[in-house]
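Notes for the one structure printed next.
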Amino acid sequence: MGSYYDIDAILTDAQKVPCTFDLDIPGLGYLDENAGGDIKAGTRVSLPLWLSTLLAVQRLGPSSQQLCTLDLPASISPRVLAALKAGPKTVDLRQLASHYYELAARVLELFEEEEIVDVLGETFKERAAEIADHAHNPRGALGEAQDFLRGLDEMERQLFRSAHGSSNAMREWMGETKKKR
Amino acid sequence: MALPLPPGLTPPETAFLCEMEMVTVIPRQRLEGLELLGGPIPPLNPPYRTSLPLWLALLLKRQRRANVLPPPWLSPPSLHSILDFEKSTPSFSPPLPLPPHTTTSPPFLPSATANAPPDALPYHWLELGEMLLEAASDDIPEPDNVRRLMRDLREVRMAKMRAGVGVLEGGREVKMNGVGGMEVAEGRAFIGGVVDGLRKIGASKEMSRREREAEERENGIGGGEDDEDDMDI
């Protein structure tokens, strides 16, 4: 986990994931837009990641019953994973979640789905190669690659930025050596 | 918080380090030996060749007081053969072999003097070649040809470095022997970013693997030879 002030970590924590309550909880209705009311067992609500992970690991009472269960968020649902497997470069990750990989990594810490980890790693690698190509020749960023680059999640954007920066620094240095003459 | 500077060296810094490389010059004027902090500079006696640090050679060249003798690998036939080698294999062309029992590293190796081996690229090949082409292109045979070959070589090697990312995975690695200083400076941000990202994504898998291993060790199945420092990139 990054630093306490890491804005990306904070934004990751604020993303919502679905969870289902397993118990009736009095007075918690405001989570389900029912202020003052109770929350019923079986209600599905979208809660921010930081809250839902805490609730999901919380046990209550002597029977140590779970307060709520975390569901797999839509962004790593089998449908999305199938799409990622078929064509990693065509999926708009940003639309699914702005911090897609970090969200997935946090959720997967609780789920232990090794297959999903593999698919995501493969996806990231394939997309990284594409990102490197676009970072290298800036003309591509304006043309047909626009759609792809708009669909990058925050981690990939940072990757693009740093790759572009170093290739720019290189070009600058090469140009400088020519100018000094 | 942290300094906004990225880790590693920038291209100008790499080029600065490269200026310590020794190159061979043919002086046109006499100059007595200099006692500098970086080491003594031998006296210049035209027309005898001398080895000078690149920064001094470039200075004298700009003042028309010396001619640079380009290293043998900076010539069209050598670059051609290296380029052919690069195109035919997935690995990088082997670096300059170190002399036996040496403890120095570039820029203190005589890899850019007139008697350097012609068939291998030294560590600072890209920046040295660029600087010589810029300041002393009239001393290099067929400068345009050399420039074109250098650019081709750079493209081929950069493409290889980027392609290397595709095979990265826990346990497997990319062999980067022979990659030059400037190429490292250029590729560091991207490759480091990819490795970091893969580690973040694979963190949960890695953790469960560790747990499993620890459990196995406790049950006495795993045995003694655990690989604690087996780093996955």
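Look at the dipole of chain A built from charges on Cβ: of A:MET174, A:LEU23, A:LEU93, the Cα furthest out on the positive end belongs to A:MET174.
For segment B:76-119, chymotrypsin sites (Phe, Trp or Tyr not before Pro) meeting the loop criterion (DSSP other than H, G, I, E, B) and having at most 14 other Cβ atoms within 10 Å: B:PHE108.
Loop-located chymotrypsin sites (Phe, Trp or Tyr not before Pro) in segment A:1-93 (DSSP state other than H, G, I, E, B) with a sparse environment of at most 11 neighbouring Cβ atoms within 10 Å: A:TYR4, A:TYR5. Can you tell me, using C-alpha contacts under 8 Å and at least 6 residues apart, the relative contact order of chain B as a whole percent? Across chain B, relative contact order equals 22 percent.
Note on A:LYS85: aspartates and glutamates with a C-alpha under 13 Å away, same-chain residues under 8 apart excluded, are A:GLU115, A:ASP118, A:GLU122, A:GLU126.
Which one, A:THR43, A:THR12, A:THR53, has the greatest fluctuation when you compute a Gaussian network model over chain A with C-alpha springs under 10 angstrom? Residue with maximal mean-square fluctuation among A:THR43, A:THR12, A:THR53: A:THR43. Placing +1 on each Lys and Arg Cβ and -1 on each Asp and Glu Cβ, with no other charges, gives chain A a dipole about its Cα centre of roughly 1060 debye.
Mean partner shielding of peptide B:128-136, defined as the number of other chain Cβ atoms within 10 Å of each residue Cβ, is 2. For B:SER137, the solvent-accessible surface computed with a 1.4 Å probe is close to 30 Å², ligands and nucleic acids excluded.
Proximity of backbone amide H atoms, modeled 1.01 Å from N, is registered between B:ARG49 and no other residue at under 5 Å, excluding neighbours fewer than 5 places apart on the same chain. Given their separation in residues at 0.36 nm each and the Cα-Cα distance between them, B:ALA214 and B:THR104 gain 35.4 nm when the chain is fully extended. Whole-Hz Karplus values for segment B:97-108 come out as x, 6, x, x, 6, 9, 10, 8, 9, x, x, 9 Hz, taken residue by residue from phi with 6.51 cos²θ - 1.76 cosθ + 1.60 and θ = phi - 60°; glycine and proline positions read x. Averaged over the residues of A:97-109, the number of partner chain Cβ atoms lying within 10 Å of the residue Cβ comes to 3.
In this structure, the amide hydrogen of B:LEU69, modeled 1.01 Å from its nitrogen in the peptide plane, lies closer than 5 angstrom to those of B:THR24, B:VAL25, B:ILE26, counting only residues at least 5 positions away or on a different chain.
Modelled spin-label separation between A:ARG150 and B:SER88, with each label point placed 7 Å from Cα along the Cα-to-Cβ direction: 4.8 nm.
For segment B:7-75 versus segment A:13-80, the inter-centroid distance based on Cα atoms is 70 Å.
For chain B, the mean residue ellipticity at 222 nm estimated from helices alone is -14000 deg cm²/dmol, where every DSSP H run of n ≥ 4 contributes -39500 (n - 2.57) and the total is divided by all residues, rounded to the nearest 500.
Peptide A:118-131 shows a mean partner chain C-beta count of 5 within 10 Å per residue C-beta.
Here chain B has 57 percent of its accessible surface on carbon and sulfur atoms, given a 1.4 Å probe and all protein chains in place. Only lysine pairs 8 or more places apart, or on different chains, with alpha-carbon atoms under 27 angstrom apart are counted in chain B, and they number 6. Using the rule -39500 (n - 2.57) for each DSSP H run of four or more residues, divided by the residues of chain A, the 222 nm mean residue ellipticity is -16500 deg cm²/dmol.
Quick check on segment A:7-129: take the gyration tensor over C-alpha atoms, sort the square-rooted eigenvalues as a ≥ b ≥ c, and tell me if it's rounded (a/c under 1.5), prolate or oblate. Here segment A:7-129 falls in the prolate category. Length available on full extension from B:ASN145 to B:SER81: 0.36 nm per residue minus the Cα-Cα distance, which gives 21.7 nm.
The values are calculated or read from the model by the stated rules, or taken from the named source; none is laboratory data. None of the values given here were measured: they were computed from a predicted structure. We place every Cβ from the backbone using ideal geometry, glycine too, and count neighbours over all the protein chains shown. All accessible areas refer to the heavy atoms of the entire protein, side chains included, with ligands and DNA or RNA removed. Shrake-Rupley method; radii C 1.70, N 1.55, O 1.52, S 1.80 Å.
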